[in-house]
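So the structure is just underneath, and the comments pick up after that.
The values are calculated or read from the model by the stated rules, or taken from the named source; none is laboratory data. Predicted, not measured: the structure shown is a model, and the values here were computed from it. Note: ideal-geometry Cβ built from the backbone for every residue, glycine included; neighbour counts use all protein chains shown. Surface accessibility is based on the protein's heavy atoms, side chains included, excluding ligands, DNA and RNA. Shrake-Rupley method; radii C 1.70, N 1.55, O 1.52, S 1.80 Å.
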2 protein chains.
Amino acid sequence: MTFPATEYQERVGRAQVMMAQSGLDALLLTTEPELRYFTGFLTRFWESPARPWFLIVPAHGNPIAVIPSIGAALMGQSWISDIRTWRAPDYVDDGIGLLAETIREIGAKTIGIPDGIETHLRMPIADFRVLQGLLGSKIGGDAGIMRRLRMVKSEAEIAVITRACAVANRAFARVHEIAWVGVPLSEVFRKFQMLCLDEGADWVPYLAGGAGQGGYGDVISPATDTPLKEGDVLMLDTGLVVDGYFCDFDRNFAIGSASEATQAAHEKLSDAVEAAMAIAKVGATAAELFHAMDRIVTGGAGGSDAGRLGHGLGMQLTEWPSLLPADQTVLGAGMVLTLEPGIEVGGGLILVGEENIVIEEAGARYLSKPAPRRMPVL
Amino acid sequence: MTFPATEYQERVGRAQVMMAQSGLDALLLTTEPELRYFTGFLTRFWESPARPWFLIVPAHGNPIAVIPSIGAALMGQSWISDIRTWRAPDYVDDGIGLLAETIREIGAKTIGIPDGIETHLRMPIADFRVLQGLLGSKIGGDAGIMRRLRMVKSEAEIAVITRACAVANRAFARVHEIAWVGVPLSEVFRKFQMLCLDEGADWVPYLAGGAGQGGYGDVISPATDTPLKEGDVLMLDTGLVVDGYFCDFDRNFAIGSASEATQAAHEKLSDAVEAAMAIAKVGATAAELFHAMDRIVTGGAGGSDAGRLGHGLGMQLTEWPSLLPADQTVLGAGMVLTLEPGIEVGGGLILVGEENIVIEEAGARYLSKPAPRRMPVL
C-alpha cells in the first residue's frame with residue numbers, strides 16, 4: 001500500500017460522516033480510483049476489462065471487497081479484512097449474487113453510486129439491472145460524496161504528486177537529448193516516455209502533443225512519423241505515474257527557431273498562469289481562475305473548444321473540479337489543480353501551456369517547475 | 001487512421017446486417033475501442049474521464065459522431081463526415097440533449113448498447129437515465145453484436161497485432177541487459193518498459209509480473225523495490241501497443257539458477273501451450289482449449305482462481321472469448337487468442353506462461369515467439 005492504513009481509515013470515516021448527512025446506508029464503488037481511494041489496492045490489471053470489481057463502504061464499520069479471486073492475494077495485503085471472492089469470469093453469475101447477498105447482509109437499503117459528471121459505472125449494464133432487481137430497489141446517486149472527498153488531497157497524497165511532478169520536471173529538462181530537426185515526432189514520443197521512466201516514473205499512461213509551424217492543430221492526437229522541421233513548435237504533455245498518482249503538465253519547445261510572434265504567444269501563456277496564481281487562494285472559485293486566464297488568452301471570450309482551462313489532478317489524469325465559467329467550486333487547502341491556458345495563433349493553430357499547483361492555507365504553490373516565459377530553442 | 005476507410009466501412013456493413021437480424025435501429029457506443037472500431041479515432045486522451053464520447057451506428061447510412069468539441073479536429077481526419085460537437089464539460093447538458101436529438105432525427109426506436117460480460121457504459125449513469133427519459137424508451141442490449149464483430153480480426157488487424165508481438169519478442173530477448181541478482185524489481189519494470197519503447201512500442205499500457213524463490217504469489221501486483229535474489233523466478237507480462245493494438249504475453253527467467261523442479265514446472269507450461277495449439281483449429285471451442293491446458297497444469301481440476309487460461313486480444317489487452325469451461329465459442333479464422341496456463345508450485349506460489357496465437361483456416365499460428373521449454377538463466 002502507498003500509505004499507512006490510518007490514511008485509508010480516515011477516508012472511510014470522512015465518507016461515513018457525509019453518508020449520514022445524505023441518508024445513505026452504503027456506497028457501492030466499481031472503478032479503479034474509487035476502490036484504491038479506500039483500500040490502497042494498486043494494480044495495472046484494471047487495463048483488462050474482463051472482470052468487475054466491487055467495494056461496499058457501509059454507513060458503519062469497515063469496507064467490504066467483493067472481487068474476483070485473481071485479486072484476493074493482492075487485496076489481502078491491504079488493510080481490508082472482509083474480502084469476498086468469486087472465480088471471474090463467471091458466465092452464470094459474475095459476482096452479482098455475491099454482491100447482492102453482501103448488501104442484504106449489512107442491511108443497506110439506500111445505496112449510492114457515483115453518478116455525476118466525470119464518473120461511470122464499471123460493470124456490465126445488464127448486470128446492474130439484475131442487481132437492482134435482486135435488491136428490489138433502484139440504486140441512487142452518491143450525493144457527490146466521492147467528488148467531495150477526492151477533490152481535497154491529504155499531505156501524503158500531495159507528497160506523492162510532488163514526486164510525480166519532479167520526475168516530469170527532470171524529463172522535460174532532457175528533451176534537448178531527443179528532439180531536433182529531422183527527428184520523427186513518433187520517435188520523440190517514444191524517447192520522451194523512456195526519459196520519464198529513466199527519471200523514475202512507474203509508468204507513463206498519458207502522452208499527447210503535437211508539432212507544427214508556429215503551433216499545432218490540437219493536443220489529443222497521437223504522434224505521426226512526420227519529422228520535426230525548422231520553425232516547428234513541439235509540445236509534449238505527459239501524465240506519468242508515481243505510486244499511483246499522476247502529474248499532468250506540458251512544455252513547448254522551438255525547433256531551430258521561433259518567430260517573435262510565436263514567442264509572444266508563449267509569453268501570454270505564462271501571463272495567464274501567473275494571473276491565475278495571483279488569485280488561487282482558499283475561498284476563490286474554479287470559475288474565477290478560468291476568467292483570470294481567459295481574459296489574457298482570449299480577451300474574455302468566456303470559453304473555447306477545449307471546454308476548460310484546467311482541472312483537478314490526482315489518482316486520475318483529470319479530476320474535479322473543472323476551470324470553467326459554470327464551476328463554482330470554492331477552492332480549499334489540499335486541492336491540486338492544473339492551470340492549462342490555450343491560445344489561438346492563427347491558421348487554426350494553438351499553443352497550450354500547463355502547470356500543476358496545490359492550494360494551501362498561505363496561497364498556491366507550484367508543483368511543476370513553471371515553464372520559462374520564452375520557449376527553449378532546440 | 002490506422003487502416004483505409006474501406007476497412008471501417010466494411011465493419012459498419014457487417015454491423016448493419018447483424019442489426020437487421022436483431023431488429024435494432026441503432027447502436028449507441030461510448031467506449032474507446034467501440035468508437036475506434038468503426039471510425040479509426042485513435043488517441044490516448046481517453047485517459048481523462050472528464051468527457052463522454054458517443055457514436056451512433058444507424059441501421060442504414062454512416063455512423064454519426066456526437067463528441068466533445070476538443071475532439072473535432074482529430075475526428076475530422078477520419079472517414080466520418082457527420083460530426084456533431086458540444087463544448088464539454090457542460091454542467092447543464094453534457095451532450096445528452098444533442099445525442100437525444102440526433103437519435104430522434106434518424107428515427108431510431110430500438111437502440112442497443114453493449115451490455116454483456118466485459119462491457120461497460122462510459123458515461124455518467126445519471127445522464128444515461130436522463131437520456132432514456134428524453135427518448136421515452138428503455139435502451140436495450142446490442143444482442144452481442146460488438147462481441148461477435150470484434151472477436152474476429154481482419155487481415156489488417158492481424159498484421160498490426162503481429163507487429164506488436166514482434167516488438168515484445170525483441171524486448172524479451174534483451175531482458176538479460178536489465179535483470180540480475182541485486183536489481184530491484186521496480187527498476188526491472190521501469191527498464192523493461194524502456195526496452196519495449198526502444199524496440200518500437202508506441203506505449204506500454206500494461207506491465208505486470210513478479211519475482212520470488214521458485215515462483216511468485218500472483219500476476220497482477222505492482223513491482224516492489226525488493227532486489228532480485230539467486231533462485232528467484234522473474235516473470236514479466238506486457239501489454240504493449242503498436243498502432244492501437246495490443247500484444248499480451250509473458251516470459252519467465254531464472255535469476256542465477258533454477259531448481260530442476262522449477263524447470264520441470266516451466267516445461268509443463270510449454271506442454272500445456274502445445275496441447276492447446278494441437279487442437280486450436282476452426283471449429284474447436286474455447287472450452288476445449290481450456291481443458292487441453294487444464295489437464296496438464298492441474299490434472300483436470302476444471303478451474304482455478306485465475307478464472308481462465310487465456311482470452312481474446314486486440315484493441316484491448318483482453319477481449320472475448322475466455323478460455324474457460326463455460327465458454328462454448330466456436331473458434332473461427334481470424335480470432336486472436338492468448339494461451340495462458342498457470343501452474344501451482346507449492347507454498348502458494350505459481351508459474352504462469354502466455355503466448356499469442358491466431359486461428360487460420362489451416363490451423364493455429366504463433367504470433368509470439370514461443371517461450372523456450374527451459375527458462376533462460378540470467
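Each copy carries residue B:9; placing its label point 7 Å along the C-beta direction from Cα gives inter-copy distances of 6.5 nm, listed from smallest up. In summary, the lysines within cross-link reach of residue A:369, defined as a Cα separation below 18 angstrom excluding same-chain residues under 8 places away, comprise A:268.
Extent of chain B along its three principal axes (Cα atoms, max minus min coordinate, largest first): 69, 41, 36 Å. Can you list which of the trypsin sites (Lys or Arg not before Pro) found in the stretch A:125-175 are DSSP loop residues with at most 10 other C-beta atoms within 10 Å? Here the trypsin sites (Lys or Arg not before Pro) that fit, given the DSSP loop and packing criteria, are A:138.
Annotation for the stretch A:34-89 versus the stretch B:304-378: alpha-carbon center distance of 25 Å.
Evaluate peptide A:133-139: per residue, the Cβ atoms of other protein chains within 10 Å of its Cβ; return the mean as an integer.
Per residue, the number of nearby Cβ atoms from other chains is 0 on average.
For the residues B:207, B:135, B:317, a GNM of chain B with alpha-carbon springs under 10 Å puts the largest fluctuation on B:135. Ligands, DNA and RNA aside, residue A:365 has an accessible area near 100 Å² when probed at 1.4 Å.
Chain A has one residue whose beta-carbon comes closest to the axis relating it to chain B; that residue and its distance in whole Å are A:194, 2.
May I ask you to list the GluC sites (Glu not before Pro) in the stretch A:307-372 that are in a DSSP loop and have at most 15 other Cβ atoms within 10 Å of their Cβ?
For GluC sites (Glu not before Pro) across the stretch A:307-372 that sit outside H, G, I, E and B with at most 15 neighbouring Cβ atoms in 10 Å, the list reads A:361.
Just so you know, the averaged projected area of the alpha carbon convex hull for the stretch A:216-294 sits at 7.6 nm². Between B:227, B:272, B:336, the Cα set farthest toward the positive side of the dipole of the stretch B:155-366 (charges on each charged residue's Cβ, about the Cα centre) is that of B:227. Counting Cβ atoms of other protein chains within 10 Å of each Cβ in B:197-204 and taking the mean gives 5. Debye-formula intensities of the protein assembly as shown, expressed as log10 I(q)/I(0) at q = 0.06, 0.08, 0.10, 0.11 Å⁻¹, are -0.35, -0.64, -1.05, -1.31 (one equal scatterer per alpha-carbon, no solvent). If you run the Gaussian network model on chain A, springs between alpha carbon atoms under 10 Å, then out of A:275, A:362, A:333 the most flexible one is A:362.
Partners of residue A:109 within straight-line reach, counting lysines whose Cα lies under 27 Å from its Cα and excluding those fewer than 8 residues away in the same chain: A:138, B:138. Solvent-accessible area lost on pairing B with A (1.4 Å probe, both sides summed) amounts to about 6200 Å². By the Cα gyration tensor, the stretch B:155-366 has an equivalent ellipsoid whose semi-axes, rounded to whole angstrom, run 27, 22, 13 from largest to smallest.
Modelled spin labels at residue B:361 and residue B:156, positioned 7 Å past Cα toward Cβ, are 2.1 nm from each other. Relative to the other identical copies, residue B:104 shows label-point distances of 4.2 nm, where the label point lies 7 Å from Cα along the Cβ direction and values run shortest first.
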